[in-house]
Amino acid sequence: MGFGAPHIGIGGFVILLILSLVFHRNLFTLFLGNSAPDRPVATSPASDAAEGTEVQFVSFVLDDVQGTWQNLLPAQGRKQYRHAKLVLFRDSMESACGQAETATGPFYCPGDEKVYLDLGFFDELKSRFGAPGEFAQAYVIAHEIGHHVQKLLGIEGKVQRLRESNPAEANPLSVRLELQADCFAGVWAKSTEQRNIIDQSDVEAGLRAAAAVGDDRLQKMATGHVRPESFTHGSSQQRTQWFQSGLNAGQMSACDTFASPR
């Protein structure tokens, strides 16, 4: 387990995982030590070993992404980082932003500062969208935490007000917001590269994941047609480009999608 996970060895990991499932308690927290009261938690109806392993992986990635932003945001954005929480679910769940469902995909809700992720999405990312690998999954989590960073910077609120006052620009503004979250995911990826956690194959997995969820590719898969005017997240090329920008620079200043030409 990379991405900031403690080096307990595979044997120790398996033992802790089995005991956690048996006693219905996250025993990894005992190994990780004391946590702050507002430390993010992952909740899930996990009931089997495979799902439990996935929950632990997601938790470790979340911890690393947020630990990175806890250092980066004050240094580069002059804001203190406040931890988001992650909610893992199956099928559907209520959120402050409405019903979270499998069909909606992962999303960040600024109303309760939580990331909602259906556990089945990673299977779909691999089987349907052709983006396998742990780092492809990590990219998704980092992208959603990128939205949390936007909330803390006041970007999300400003964009929402602009969308409401100018509905004709709602979709283009949404695209810029999403592409910036992709770039912020790349900034985090740069930190993992600097710590020798990832290699080129991991970077390629992240790029495949960004391309896999481009609006043009999703529309082509669903209807056979592409309608750029209806894009809300950006094309595959745009998403990989901005993820790569963050990865190359490792700086938030490289992620000003709102200043980029249309």
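The values are calculated or read from the model by the stated rules, or taken from the named source; none is laboratory data. Only a predicted model underlies this, so the values are computations on that prediction, with no experimental measurement involved. In this analysis, Cβ positions are derived from the backbone assuming ideal geometry, glycine residues included, and neighbour counts consider all displayed protein chains. Ligands, DNA and RNA are excluded from the accessible area calculation, which covers all protein heavy atoms including side chains. Shrake-Rupley method; radii C 1.70, N 1.55, O 1.52, S 1.80 Å.
For this structure, a couple of remarks:
- Taking residues in region 185-212 that are under 15 Å from T68 (Cα atoms) and among the charged types (D, E, K, R), and partners anywhere that are at pLDDT below 90 and part of a helix (DSSP H, G or I), the pairs with Cβ atoms closer than 9 Å and at least 6 places apart or on different chains are E193/D202; E193/V203.
- Some residue of region 90-98 being over 18 Å from the mean Cα position of the chain (by Cα), open to solvent by 70 Å² or more (accessible area, probe 1.4 Å) and under 27 Å from K190 (Cβ atoms): no
- Within region 198-210, tally of residues that are part of a helix (DSSP H, G or I) and either open to solvent by 80 Å² or more (accessible area, probe 1.4 Å) or out of contact with any Asp or Glu (no Cβ under 9 Å at 6 or more places or on another chain) (or both): 7
- Residue list for region 73-97, restricted to those being part of a loop (DSSP other than H, G, I, E, B), in contact with an Asp or Glu (Cβ under 9 Å, 6 or more places away or on another chain), of a type outside the set (G, A, S) and at pLDDT 85 or above: R82, H83, C97
- Inside region 99-123, residues that are closer than 18 Å to V58 by Cα and open to solvent by 50 Å² or more (accessible area, probe 1.4 Å) make up a count of 3.
- Residue in region 135-143 that is at pLDDT 95 or above and within 18 Å of T257 (Cα to Cα) present: yes
- Selection from region 211-250 of residues that are closer than 20 Å to F107 by Cβ, loosely packed, with under 13 Cβ neighbours inside 10 Å and among the β-branched types (V, I, T): none
- Criterion: at pLDDT 85 or above, farther than 16 Å from Q137 by Cβ and within 15 Å of the chain's Cα centre (by Cα) - qualifying residue of L207, L179: L179
- Residues in region 220-234 that are small (G, A, S) and within 13 Å of L177 (Cα to Cα): 1 in all.
- Residue ID - most open to solvent (accessible area, probe 1.4 Å), chosen from residues in region 251-262 that are farther than 13 Å from S174 by Cα and not in a helix (DSSP H, G or I): P261
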